[in-house]
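Report on the following structure.
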Amino acid sequence: MPNFEDARSIILRNTSPLGTEKVSLLETLGRVLSEDIIAPWDLPLCDNSAMDGFAVLASDCSHTPTDLKVTGYLPAGGSITNSVEPGCAITIMTGAPVPPGCTAVVPVEETEQVNDLVTIRARVNNRQHIRFRGEDIAIGSTVITAGTVIRPAEINMLASLGKTYIPVYRKARVAILSTGDELIEPGETPASGQIINSNALSLAAAVRESGAEPVLLGIALDNLESHRKKMIEGLKCDAMITSAGVSAGDRDFVREVLEELGVKQLFWKVDIKPGGPTAFGIKDNRPVFSLPGNPVSTMVTFELFVKPALLKMMGHQKFIRTFTKGILLEDASKKAGKANFIRVRIEKKDGRYLASSAGEQQTGILRTMVTADGLAMLPLEATLVPAGSEVDLLLMNNVDMVAE
């Protein structure tokens with residue numbers, strides 16, 4: 001039975017990036033670039049004004065105040081019709097091309113104009129307030145490298161370079177299958193002994209939050225035929241997640257059907273709590289994750305094992321959420337031999353993360369997943385982790401953000 005780190009390593013060794021595609025620019029948000037982007041032209045394309053003001057010869061303004069004759073007007077997008085002559089100035093707007101002869105732009109707020117005469121009242125430095133051709137991006141340079149996660153800033157740059165369809169890694173299509181006769185779909189009222197299939201929507205939301213595309217397969221009933229039919233469909237996707245049916249009960253058919261369908265099982269349990277009965281297999285380079293049916297265990301094991309694999313499949317170069325050191329504010333006890341992930345509330349005080357229990361830690365208590373900000377990993381062999389101990393924290397919410 002692998003421990004947490006070994007299980008995650010096995011999963012990541014057996015997952016690899018998917019193929020690539022080109023998508024429209026706005027659809028690239030959050031996607032991973034699959035090719036370097038080379039600048040087809042300089043940015044800016046020409047020397048242009050950074051301010052509304054006057055294009056001048058800096059040498060004419062060595063003493064202030066200085067009076068200059070206004071001989072033209074250049075709006076943004078305008079064409080240059082004349083040059084700046086000695087003793088003259090041209091009215092210029094932000095973004096307008098700098099006319100020949102101009103060596104500086106004087107902001108309008110540092111001037112006073114009466115008819116065709118402008119008085120320069122502030123010191124003028126050579127090259128001031130001019131954006132020079134190629135000073136941002138030079139033609140032929142690598143602007144954004146493959147492996148970059150595209151944010152609004154990258155979209156702005158790509159648009160500025162005239163890019164409309166962008167090469168990115170494919171989104172993973174992830175099949176999600178819940179198992180068990182006791183399950184009913186959300187919206188139905190459960191009778192005694194029935195359970196709403198909340199895991200499917202929770203997993204779909206987590207898959208989508210990871211940037212992948214969930215494919216809901218519904219519920220497999222507790223018989224081989226139902227499991228087989230659903231799993232055959234699920235194995236057509238890039239990855240499959242099953243929920244429940246991974247224990248040793250006489251109605252737990254997941255393992256039997258996966259083996260029948262040719263899924264090679266790489267491990268069947270993990271030395272952690274919650275989430276011990278977590279399995280992982282592979283078929284035709286498609287990863288198959290078999291997660292426990294308990295909602296808390298399902299969500300924790302998705303975060304620990306499934307999400308890193310999906311991110312890697314979609315081209316991310318950083319796909320493992322790192323642990324952060326924090327201080328446990330209260331005693332925590334556990335059995336030796338398993339790494340425990342307890343749900344905690346986290347606050348940041350004086351530059352340190354402080355963690356306290358989010359509530360009852362039994363895996364049937366869903367409320368603590370709602371109130372938790374993250375997970376604290378308690379060491380494998382520890383039986384008591386006293387208050388004040390430093391522990392590894394996995395931050396899951398924006399605990400550094402504050403209300404205005």
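The values are calculated or read from the model by the stated rules, or taken from the named source; none is laboratory data. Predicted, not measured: the structure shown is a model, and the values here were computed from it. With ideal geometry, Cβ positions are generated from the backbone for all residues, glycine too; neighbour counts draw on all protein chains shown.
Worth a mention:
- Within the set 329, 354, 384, the sole residue that is more than 19 Å from residue 275 (Cβ to Cβ), aliphatic (A, V, I, L, M) and surrounded by fewer than 12 Cβ atoms within 10 Å (Cβ to Cβ) turns out to be 384.
- Residue check, residue 5 touching a residue at least 40 places away in the same chain (Cβ under 8 Å) and not aromatic (Phe, Trp, Tyr): no
Every residue, every condition in (1) modelled with pLDDT under 95; (2) among the small types (Gly, Ala, Ser), yes or no:
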| position | (1), (2) |
| --- | --- |
| 327 | no, no |
| 334 | yes, no |
| 337 | yes, yes |
| 349 | yes, no |
| 355 | no, yes |
| 363 | yes, no |
| 366 | yes, no |
| 380 | yes, no |
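- Test: residue in segment 164-183 that is under 25 Å from residue 257 (Cα atoms), touching a helix residue (DSSP H, G or I) at 6+ places or on another chain (Cβ under 8 Å), surrounded by fewer than 18 Cβ atoms within 10 Å (Cβ to Cβ) and not basic (Lys, Arg): no
- The numbered conditions (1) acidic (Asp, Glu); (2) surrounded by fewer than 16 Cβ atoms within 10 Å (Cβ to Cβ); (3) in contact (Cβ under 8 Å) with a residue 60 or more places away in the chain are all true for residue 303 except (2).
- In the set (1) modelled with pLDDT under 95; (2) touching a helix residue (DSSP H, G or I) at 6+ places or on another chain (Cβ under 8 Å); (3) at negative phi, residue 255 fails one condition alone, (2).
- Filter pass, residue 344 being at pLDDT below 95, on the phi < 0 side of the Ramachandran plot and of a type outside the set (Asp, Glu): no
- The one condition in (1) more than 18 Å from the chain's Cα centre (by Cα); (2) surrounded by 13 or more Cβ atoms within 10 Å (Cβ to Cβ); (3) acidic (Asp, Glu) that residue 154 fails to fulfil: (1)
- Restricting segment 184-218 to residues that are part of a loop (DSSP other than H, G, I, E, B) and hydrophobic (A, V, I, L, M, F, W, C), the residue that is farthest from residue 257 (Cα to Cα) is 191.
- Residue count for segment 219-244, restricted to those that are in a strand (DSSP E or B) and either surrounded by fewer than 19 Cβ atoms within 10 Å (Cβ to Cβ) or in contact (Cβ under 8 Å) with a residue 60 or more places away in the chain (or both): 5.
- Looking at 85, 154, just one residue is more than 30 Å from residue 314 (Cα to Cα) and not polar (S, T, N, Q), and that residue is 85.
- Check on residue 260, acidic (Asp, Glu), in contact (Cβ under 8 Å) with a residue 12 or more places away in the chain and under 17 Å from residue 219 (Cα atoms): no
- Checking every residue in segment 34-47 against the condition of being outside any loop (DSSP other than H, G, I, E, B), of a type in the set (Ser, Thr, Tyr) and at pLDDT 95 or above gives zero matches.
- Selection over segment 306-355 of residues that are in contact (Cβ under 8 Å) with a residue 60 or more places away in the chain and either in a strand (DSSP E or B) or hydroxyl-bearing (Ser, Thr, Tyr) (or both) gives a count of 8.
- Residue check, residue 293 among the small types (Gly, Ala, Ser), out of contact with any Leu (no Cβ under 8 Å at 6 or more places or on another chain) and farther than 29 Å from residue 151 by Cα: yes
- Some residue of segment 205-218 being of a type outside the set (Phe, Trp, Tyr), crowded, with 17+ Cβ neighbours inside 10 Å and more than 27 Å from residue 168 (Cβ to Cβ): no
- Residues satisfying the criterion are absent from segment 123-131 (criterion: in a loop (DSSP other than H, G, I, E, B) and either within 29 Å of residue 205 (Cβ to Cβ) or small (Gly, Ala, Ser) (or both)).
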